1. Return the pairs, sorted by first residue and then second, in which the second residue is crowded, with 19+ Cβ neighbours inside 10 Å and among the charged types (D, E, K, R), the first residue lies in region A:187-198 and is under 15 Å from A:SER224 (Cα atoms), the beta carbons are less than 7 Å apart, and the residues are 6+ apart or on different chains.
2. Sort out which residues of region B:89-100 are within 9 Å of chain A (Cβ to nearest Cβ) and closer than 23 Å to B:GLY160 by Cβ, and write them in order of number.
3. Hey, can you tell me all the residues within region B:57-90 that are more than 13 Å from ligand 2 (Cβ to nearest atom) and among the polar types (S, T, N, Q)?
4. Among the residues of region B:32-52, are any aliphatic (A, V, I, L, M), within 12 Å of chain A (Cβ to nearest Cβ) and surrounded by 14 or more Cβ atoms within 10 Å (Cβ to Cβ)?
5. Being away from ligand 1 (no atom under 12 Å from the Cβ) and surrounded by fewer than 19 Cβ atoms within 10 Å (Cβ to Cβ) is the filter here, so list the residues in region B:146-167 that pass it.
6. Report, by residue number, each residue of region B:154-195 that is small (Gly, Ala, Ser) and in a loop (DSSP other than H, G, I, E, B).
7. Among the residues of region B:53-64 satisfying the criterion of being more than 13 Å from B:SER19 (Cα to Cα) and more than 10 Å from ligand 1 (Cβ to nearest atom), which is farthest from the other protein chains (Cβ to nearest Cβ)?
8. Answer yes or no: is there a residue in region A:138-146 that is away from chain B (no Cβ under 13 Å), of a type in the set (A, V, I, L, M) and in contact (Cβ under 8 Å) with a residue 12 or more places away in the chain.
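The values are calculated or read from the model by the stated rules, or taken from the named source; none is laboratory data. The shown structure was predicted, so the numbers you read here are calculated from the model rather than taken from an experiment. Here the Cβ positions follow ideal geometry from the backbone for every residue, glycine too, while neighbour counts run over all protein chains shown.
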Amino acid sequence: MKLPNKGVIIPWLIPLVLLISWQFLSWVGAIPERILPAPTQVFVACMELLSTGELVDHVSISLGRALAGFLIGGIIGFLFGLFNGVFRFADLFFDTSIQMLRNIPHLALIPLVILWFGIGETSKIFLVALGVLFPVYINTYHGIKSVDKKLIEMGKAYGLRGKALFFHVILPGAMSSILVGIRFSLGVMWLTLIVAETISAQSGIGYMAMNAREFMQMDVIILSIVIYALFGKLSDVIARYFEEKLLKWNT
Amino acid sequence: MNKIQEQGIGIQINNIGKSYGERCVLENLSLTIQKGEFVSIVGKSGCGKSTLLRLVAGLEKMNNGTIELNGERLDDLNRYARIMFQDGRLLPWKKTLDNVCLGLPKEKKENAIGALQQVGLKDRIDDFPSMLSGGQRQRVALARALVHNPSLLLLDEPLGALDALTRIEMQNLIESLWKQKKFTAILVTHDVEEAVTISDRVILIEDGKVSLNQPIKLPRPRKRTHPGFSMYVEEILGQIMHKKQRKANFDMLLSPSKEEQLLFNSINN
Ligand SMILES: Nc1ncnc2c1ncn2[C@@H]1O[C@H](COP(=O)(O)OP(=O)(O)OP(=O)(O)O)[C@@H](O)[C@H]1O
Ligand SMILES: [Mg+2]
């Protein structure tokens, strides 16, 4: 039998050991159910919510918000980073203002956002977009600014200009920095969504957790947290995949 | 016809000067290069060889003077020329072949493969530059410059990282392409023998000026064993050394040695 690669197994050893000890401690009664339900109980709760379709609804709503906010914020941040990085006028015109806005913690805007947009979808997507925008902007901007000037000069000397210069030299040169920004902003995306959904929402995983608190459903609360952790890991895996694909020359 | 493929161009450099801030690199330098001529530039490290090449390539603006290409004044990028940079400058995110294809029309991909074959790297087409050795990278950069069939080829120490054998192979390659395509070539090198082997004329740059302009009148293909060969090499080396020596002697006459200085001081006190 061929064993799976040890690179695949080792990272999961700690979560696995934690899970088993957690289950064991709950089982012998060292952890009271009120404080922390056993993994099996969380699993049962998961199955129940799945069978009623509730879980799927909440998860898909949260995912939709995350994705919409990420795309809107990411695209705006990317475009601003691009233009300010490439065109000197845009840089002078926008960068100072963006840097000022960046220093406002976007979660501090929650009260304002609720007053503006209510507690509907718009407010959550707005907050996620805002949180995602700045890391993508900063890293795109710096990525483009720090492309090796000698390579740009070489490109020009070989007859590249405009679009060709951008796609052959500037964008690939900025790519590793852009991907760092995207990876970082994926973290911000989940964080913002959790906070926004927990404070004010009528659906989504955060709402599910808050709602469970009112009925003292510890298992559902834990389930929500586990789901967030899994999605966080998943987005990291996706980011890593793109890094490997786009930066394979960098090995 | 595309500018870059016009056959050979003449270059007229008139009294150009270039300084970076306070540091004056080239001063009142003049040089004429004939259509189809092969000129080598030698000189000490930091004397401004690369700077001169970059000026001819139009990558940098001079402070004064003019450069004319076939009588036409150069004031932007030099569209006749392809330059091979001293530091190679391959794009690390492109495979060897795509690096050579840079700025080349799609239908000329075959030529790129051919150029890589000429520099002996056809089997490394699918490798990224990070997987190549220093000399291999240099050869890719050479292929990239050659594949455009430029009417002016500017080479900045293209063979610096190569072993003696590969070096001679590449010299022969450059020479035979030059004979066949009749482009004008400027080669910067620190190897005087290389300069004498390959070029019609050797230029020495010193103190920002052309201090030696030595036509090489040896029959091609040139043999290093030819009696004239070592004569030329010695003459050029002599010129470089001679100046140095004369300057050293001169310095010695003017400035007292440490002992003399001490003596002088003690007498005065
Ligand atoms: N962009 C720059 N800014 C400031 N100084 C520069 C710049 N480029 C070159 N110089 C200076 O100009 C002088 C000549 O440089 P250049 O690169 O032309 O020398 P070189 O003759 O090619 O030397 P080498 O044989 O070592 O390559 C050097 O003193 C260098 O420090
Ligand atoms: Mg140089």
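1. A:LEU193/A:ARG65; A:LEU193/A:LYS124; A:ALA196/A:LYS124; A:GLU197/A:LYS124
2. Passing the criteria: B:ARG89, B:LEU90, B:LEU91, B:PRO92, B:LYS94.
3. B:ASN63, B:ASN64, B:THR66, B:ASN70, B:ASN78, listed by residue number.
4. Applying the first criterion (aliphatic (A, V, I, L, M)) to region B:32-52 yields B:33, B:39, B:41-42, B:52.
Of the ones still in play, those that are also within 12 Å of chain A (Cβ to nearest Cβ) are none.
Within region B:32-52, none of the residues are aliphatic (A, V, I, L, M), within 12 Å of chain A (Cβ to nearest Cβ) and surrounded by 14 or more Cβ atoms within 10 Å (Cβ to Cβ).
5. Once the filter is applied, which keeps residues that are away from ligand 1 (no atom under 12 Å from the Cβ) and surrounded by fewer than 19 Cβ atoms within 10 Å (Cβ to Cβ), region B:146-167 yields B:ASN149, B:ALA161, B:ASP163, B:ALA164, B:LEU165, B:THR166, B:ARG167.
6. Step one: list which residues in region B:154-195 are small (Gly, Ala, Ser), which gives B:160-161, B:164, B:176, B:185, B:195.
Across region B:154-195, the qualifying residues are B:GLY160, B:ALA161.
7. Only one residue tops the list, namely B:VAL56.
8. Among the residues of region A:138-146, at least one is away from chain B (no Cβ under 13 Å), of a type in the set (A, V, I, L, M) and in contact (Cβ under 8 Å) with a residue 12 or more places away in the chain, which makes the answer yes.
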